[in-house]
Each structure stands twice: as C-alpha cells, then as structure tokens.
Amino acid sequence: MSQPVPLDLARLRRSCSECSLRVLCLPAGVDADDMRRLEAVVQRRKPLARGSVLFRVGDPLGAVYVASEGSFKTVVVNPAGEEHVLGFHLPGELFGLDAVGSGQHRCEAVALGDARVCELPFHQLATVAARLPSLQRQLLRIMGQSADLDHDHVEVLARRQANERIALFLHGLGERLRRIGRPADEFQLPMSRDEIARYLGLALETVSRGFTRLQEDGVIEVRGRRVRILDARGLQAAASGCEGGDLPPQSRRSQA
C-alpha cells in the first residue's frame, strides 16, 4: 500500500504561469490580466496516493481535471464486479469530460500512482472561456482530442489479432507522450499489464505473450514497466497487421 505523500505547500502555490504543462492547457498569447483570471479559477488538490478515486459514477459534474503529475485511469465496473478500463490520462490531458453531456459522471477516475491534479470548476471555467475566445477554442480542441482517443479505443478493440491491439496501444501511447513533451521511444508505463489487458479486452496472459513476441522480434525492449521502442517502423507495421515490417502504401506515405 502506498504511503501518504507529504503536502508540499510550495508546489501547491505554483501558478499556471510557472507550470511546465501550461502550453498544453492554455492558449498562446494569454496576457497578464487574463492569466490572473484563469489562475483564480484553477484549484490545486492535495496530492493523491495510488488508487485514490477522484470521482465516481453518478457524481455530479463539478469540475474537469488536468493531472499536473502522475496519470489516471477511467473505469466502469459491471454487475459481476469486473473492471473495464475506458481510458488512461497522462499529465497535461484534460479528463472528466464524460459528465459534460448528462451532468453526471458515467465512470470513475483512479490514480495510477502518486499524483497531483488541477481542478477546474466547470461553470467558472465556462464563464471565463466565454470572455476569452482563445481559451474557448483551446477547450474545443481538447474536447476534440478526447473524442479522438475514444475513437482510437474503438479502433483498438476492433482489431481481431491481439498482437495488433498491443502494438497499436504502444504506438498510440508513444505519440501521446510525444505530444506532452516526453520521450516517445523510451518510457515507463504508468499502468500495469493487467490494466492494459482490461483496456484492450484481452487476458493478462495474452498481453504478456504479446510483449514477449514484440521483444523477440526486436521491435521493443521491455524491462518491467520500462519500454524502449527499438523499431518504430516495425511497431507501426505490427499495429497495421503487417508481417515483416511491411507497411501498407497509405502508412508508407505518412512515414515519408
């Protein structure tokens, strides 16, 4: 069980203007007055330990969230008590949008490790965004990215071969890490293989075999949760269901 993380008041006082993730959350060109208005909206929660639940199914929409440190998973639990992972949320990615339509959360968000979040009260954020067209456009762009992730998840589950799902997951995770300024060719998985299996709709043993096969093929190197991409082209080929690293013409054009 994780030990409680001591409250770091100095870090909690860190403003948006000093945050390394500012470029991901806020539009460019926000002047000092607008920045102060935004900072007045953002609430920084105390550190969350691994396994802490940020919101639960049925909770009313109070805020949307951005992890400033750590990652989260969103899950639903079926009547049989089985957990299904809907998504993973990395630092700088907005989540909690599932409640925007109905006003209630349809899943719960759980910290994958020790984490910190910025909490943006939704109604206050909407009021500020109405005054700042650039922020409104940024929020719409982020919502569009969230919809893209949902589409990507559907595409992953539509893949018939387990190896394709696993390769597509690793490729997509690398691209998301690249987007937030992290290395895309070598990274620490914030989630366990069991959580990956629940996300991909596979058995844990199948995911473990898939990682092993990709490593034996020289596509990746795995040490615990540490993943190194040795052959990015081979990983994309595996994600496309191709053998021997041959990409379909459309994928080859995108690589050019």
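Considering (1) at pLDDT 90 or above; (2) surrounded by fewer than 17 Cβ atoms within 10 Å (Cβ to Cβ); (3) within 30 Å of Ala237 (Cα to Cα), say which one Leu170 fails and leave the rest.
(2)
Residues Val110, Val66, Val76, Val57: which one is under 30 Å from Ala203 (Cβ atoms), touching a Gly at 6+ places or on another chain (Cβ under 7 Å), without any contact (Cβ under 8 Å) to a residue 60 or more places away in the chain and aliphatic (A, V, I, L, M)? Lay out the reasoning, then the answer.
Working: Val66 fails: under 30 Å from Ala203 (Cβ atoms); Val76 fails: touching a Gly at 6+ places or on another chain (Cβ under 7 Å); Val57 fails: touching a Gly at 6+ places or on another chain (Cβ under 7 Å).
Matching residue, one of Val110, Val66, Val76, Val57: Val110.
Looking at Ala129 and the list (1) within 16 Å of the chain's Cα centre (by Cα); (2) surrounded by 18 or more Cβ atoms within 10 Å (Cβ to Cβ), which single condition is not satisfied?
(1)
Just checking, which of Ser17, Ser71 is under 26 Å from Leu177 (Cα atoms) and at pLDDT below 65?
Ser17
For the list (1) exposed (fewer than 14 other Cβ atoms within 10 Å of the Cβ); (2) under 26 Å from Ala115 (Cβ atoms); (3) aliphatic (A, V, I, L, M), I need the number of the one condition that Val154 fails.
Val154 satisfies all of (1) exposed (fewer than 14 other Cβ atoms within 10 Å of the Cβ); (2) under 26 Å from Ala115 (Cβ atoms); (3) aliphatic (A, V, I, L, M) except (2).
Checking the structure you have, find out if any residue of region 222-244 is in contact with a helix residue (DSSP H, G or I) (Cβ under 9 Å, 6 or more places away or on another chain), under 21 Å from Gly70 (Cβ atoms), loosely packed, with under 15 Cβ neighbours inside 10 Å and modelled with pLDDT of 95 or more.
Scanning region 222-244, I find at least one residue that is in contact with a helix residue (DSSP H, G or I) (Cβ under 9 Å, 6 or more places away or on another chain), under 21 Å from Gly70 (Cβ atoms), loosely packed, with under 15 Cβ neighbours inside 10 Å and modelled with pLDDT of 95 or more, so the answer is yes.
What number of residues in region 95-115 are among the acidic types (Asp, Glu) and not in a helix (DSSP H, G or I)?
So the answer is 2.
Could you please find all residues in region 169-205 being in contact with a helix residue (DSSP H, G or I) (Cβ under 7 Å, 6 or more places away or on another chain), farther than 15 Å from Val85 by Cβ and not in a loop (DSSP other than H, G, I, E, B)?
Leu170, His171, Phe187
Would you mind finding the one in Gly51, Gly92 that is surrounded by 20 or more Cβ atoms within 10 Å (Cβ to Cβ), part of a loop (DSSP other than H, G, I, E, B) and touching a residue at least 40 places away in the same chain (Cβ under 8 Å)?
Details: Gly51 fails: surrounded by 20 or more Cβ atoms within 10 Å (Cβ to Cβ).
Sole residue among the options that is surrounded by 20 or more Cβ atoms within 10 Å (Cβ to Cβ), part of a loop (DSSP other than H, G, I, E, B) and touching a residue at least 40 places away in the same chain (Cβ under 8 Å): Gly92.
The values are calculated or read from the model by the stated rules, or taken from the named source; none is laboratory data. Everything numeric in this text was worked out from a predicted model, so none of it was measured. Counting neighbours? That spans all protein chains shown, and the Cβs are built from the backbone with ideal geometry, glycine included.
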